[in-house]
Amino acid sequence: MKHLLTTILCLTIWAGTQQTLAKSRTLPGPYTARTIKVIDADTLRVFVEVWPMDFKRVDVRLEGIDTPEKRSTGCTALYGGKAADVPAHIKTREKQLGLKATEFVKAHVKPDDTLLLTGVKLGKYAGRAVGKLALSDGRDLGALLIQNGHAVTYDGGTKAAPWCLDN
C-alpha cells in the first residue's frame with residue numbers, strides 16, 4: 001500500500017510539472033497561418049499548418065498588446081473588479097474604440113490571407129494561443145495597431161489602458 005501511495009504521489013507531481021512546462025514553453029515558429037476570421041482587434045481565428053498538409057484551427061491572441069473590448073469591458077480592474085461598477089460612458093467609449101480597432105484589423109487582414117505566426121505560447125484562456133502575427137508584407141500586426149493608436153503595450157498584468165480612464 002505504501003508503494004502504491006508513493007507511486008501515485010510521484011505521478012501526480014510529474015503530471016503537474018509537465019503541465020507547467022507545457023504552459024511556459026514557447027514555440028518560435030514561424031508557422032504559416034491562413035486567416036479564418038477576425039474575432040476582435042487582438043484575436044484572430046486561423047488555420048495553422050503544424051506539419052505538411054496538417055492544419056489546426058486555433059484562436060491567436062496578439063502578444064504584447066491590449067485593445068479596447070467591443071463587447072464586455074476590459075476596464076474592471078480600475079473600477080473595483082466588477083463590470084457593473086465601470087461608468088456607462090467608459091463602457092460606451094471602449095466599445096466604440098473596440099469596434100474601430102476591429103475594423104482596422106479587418107481592413108488589413110481578409111479571410112484566407114496568409115500570415116506568419118511566431119513566438120507561440122499557450123494562452124491563459126483554454127484553447128487560445130498567444131503569439132505574434134505578421135502580415136504578408138512582413139509588418140507585425142500588433143505593432144501596426146499600436147502605431148495607429150488602436151492598441152497599447154501589454155505585459156499580461158493589470159490592464160490600465162487610456163480608454164478606461166475617466167478624463
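The values are calculated or read from the model by the stated rules, or taken from the named source; none is laboratory data. This one's a predicted model, so the numbers in the text were calculated from it and none came from an experiment. Backbone-built Cβ (ideal geometry, glycine too); neighbour counts: all protein chains shown.
Values as computed for the structure displayed
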read-out	value
Options GLU49, GLU69: the member that is of a type in the set (Asp, Glu) and outside any strand (DSSP E or B)	GLU69
Per-region count, the range 78-118, residues more than 17 Å from VAL38 (Cβ to Cβ), part of a helix (DSSP H, G or I) and β-branched (Val, Ile, Thr)	2
Which listed residue is over 15 Å from ALA101 (Cβ atoms), buried (at least 20 other Cβ atoms within 10 Å of the Cβ) and out of contact with any helix residue (DSSP H, G or I) (no Cβ under 8 Å at 6 or more places or on another chain), from ALA84, ALA33	ALA33
Total residues in the range 110-167, condition touching a helix residue (DSSP H, G or I) at 6+ places or on another chain (Cβ under 6 Å) and among the small types (Gly, Ala, Ser)	1
In the range 94-128, the residues that are surrounded by fewer than 17 Cβ atoms within 10 Å (Cβ to Cβ) and among the basic types (Lys, Arg)	LYS100, LYS106, LYS110, LYS121, LYS124, ARG128
Lone unmet requirement of (1) over 25 Å from LEU116 (Cβ atoms); (2) in a loop (DSSP other than H, G, I, E, B) for GLY29	(1)
When residues of the range 53-65 are limited to those that are out of contact with any helix residue (DSSP H, G or I) (no Cβ under 8 Å at 6 or more places or on another chain) and either closer than 15 Å to ARG128 by Cβ or among the β-branched types (Val, Ile, Thr) (or both), the one surrounded by the most Cβ atoms within 10 Å (Cβ to Cβ)	VAL60
Candidates LYS95, LYS132, LYS106, filtered to the one that is farther than 19 Å from PHE47 by Cα and charged (D, E, K, R)	LYS95
In the range 129-153, residue farthest from the chain's Cα centre (by Cα) [restricted to those that are surrounded by fewer than 19 Cβ atoms within 10 Å (Cβ to Cβ) and part of a loop (DSSP other than H, G, I, E, B)]	ASP137
Selection from the range 1-56 of residues that are modelled with pLDDT of 95 or more, of a type in the set (D, E, K, R) and over 20 Å from LEU145 (Cβ atoms)	ARG34
Residues satisfying the stated conditions in the range 135-167, i.e. closer than 27 Å to THR32 by Cβ and either among the basic types (Lys, Arg) or in contact (Cβ under 8 Å) with a residue 40 or more places away in the chain (or both)	ARG139, LEU141, GLY142, LEU145, ILE146, ASN148, HIS150, ALA151, THR153, TYR154
Count - residues of the range 112-128 that are more than 18 Å from the chain's Cα centre (by Cα) and at pLDDT below 95	0
